[in-house]
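Novice: Provided herewith is a single structure, encoded as structure tokens, for subsequent inquiry.
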Amino acid sequence: MAEEAKRLAACAAVDKHVQNNQVLGIGSGSTIVHAVHRLAERVRQENLTIVCIPTSFQARQLILQNGLTLSDLDRHPELDVAIDGADEVDSDLNLIKGGGGCLTQEKIVAGYAKCFIVIADYRKKSESLGEQWKKGIPIEVIPMAYVPVTRALTKNFGGAAELRMAVSKAGPVVTDNGNFILDWKFDKVHEWSEVNTAIKMIPGVVETGLFIDMAEVVYFGMEDGSVSVREKRPR
């Protein structure tokens, strides 16, 4: 059911936001697989000219496997639309991302897109961060700094931070950028914009999995086969 919900959200977003002659950011993770399949389908059916910028090695492979045009930010420093998944979305469209470890490149691509669209299934929909996603906020760190960064996180913001360990490899997860990931399990709801800025100022932190005030609209595939749309509130 969750897989079908992901597909519904992905198709709705691709059909609504993708047009001819666009530069697209392609996110990472399981939901994006459906978006790329739908995108490839539309490119074939409608003869669209689309250029794709990946956010990870996985995204790069997906683009190539589906016969889409691969490019990079050197050639296309400004994107029309970026489409990506999320681990959790709150009522203000704040996101937790990075469960798959690609948060830094995902944030770079989303940040240089005119419009950032998020696709997710019903399990990712929350009122406030931490309701559904219990694994903490991923924080990418330079390997030599992971111990002092862990200490600084818990000292300044409470909770607990753990080095993410690999599953089929001995030792820690290593990102596409050659860094480590700390998962910070916070113990209360914070003012996320302030906390995000403060964490980024800790020496050794590369990027956080908090995506604040970035998403324009989120498509949730629901259990009943519908798609729920949550849009950015006007300021």
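All of the numbers you see were taken from the coordinates with simple rules; none came from a lab. This one's a predicted model, so the numbers in the text were calculated from it and none came from an experiment. Glycine also receives a Cβ, built like all others from the backbone with ideal geometry; neighbour counts cover every protein chain displayed.
Novice: Among Ala198, Ala113, Ala35, which one shows the biggest mean-square fluctuation in a GNM of the chain, springs joining Cα atoms closer than 10 Å?
Specialist: So, out of Ala198, Ala113, Ala35, the one fluctuating most is Ala198.
Novice: Let me ask another. Compute the helix-to-body angle for 2-17: its Cα long axis versus the longest principal axis of the chain, expressed 0 to 90° and rounded to tens.
Specialist: With rounding to tens, the tilt is 60 degrees.
Novice: Over 29 Å between Cα atoms: which of Lys16/Lys134; Lys16/Lys188; Lys114/Lys155; Lys185/Lys232 fall into that group?
Specialist: Table pairs above 29 Å Cα-Cα are Lys16/Lys134; Lys16/Lys188; Lys114/Lys155.
Novice: Anyone know which of Ala82, Ala170, Ala110 comes out most mobile in the 10 Å Cα GNM of the chain?
Specialist: Ala170
Novice: Cα gyration tensor of the range 98-191, axes a ≥ b ≥ c as square roots of the eigenvalues: rounded (a/c below 1.5), prolate (a/b > b/c) or oblate?
Specialist: oblate
Novice: Let me know the shape class of the chain, please: from the alpha-carbon gyration tensor, a ≥ b ≥ c as square roots of the eigenvalues, rounded when a/c is under 1.5, otherwise prolate if a/b is greater than b/c, or oblate.
Specialist: It is prolate, given that a/c is not under 1.5 and a/b is the larger ratio.
Novice: Pick from Ile32, Ile202, Ile63: which is most flexible by mean-square fluctuation in a GNM of the chain where alpha carbon atoms under 10 Å apart are linked?
Specialist: Per the Cα network of the chain with a 10 Å cutoff, Ile202 tops the list.
Novice: Under 13 Å Cα-Cα from Lys97, which aspartates and glutamates qualify once same-chain neighbours fewer than 8 residues away are excluded?
Specialist: The qualifying aspartates and glutamates are Asp84, Asp87, Glu88, Glu106, Glu140, Asp183, Glu207.
Novice: Provide the packing ranking of 138-151, 49-62, i.e. peptides ordered by the mean count of other C-beta atoms within 10 Å per residue, highest first.
Specialist: Output ranking for 138-151, 49-62: 49-62, 138-151.
Novice: What is the distance in Å between the Cα centres of the range 31-59 and the range 186-201?
Specialist: 34 Å
Novice: Pull up all non-local amide H partners of Glu207: gap of 5 or more, or a different chain, and H-to-H distance under 5 Å with H placed in the peptide plane.
Specialist: Glu140
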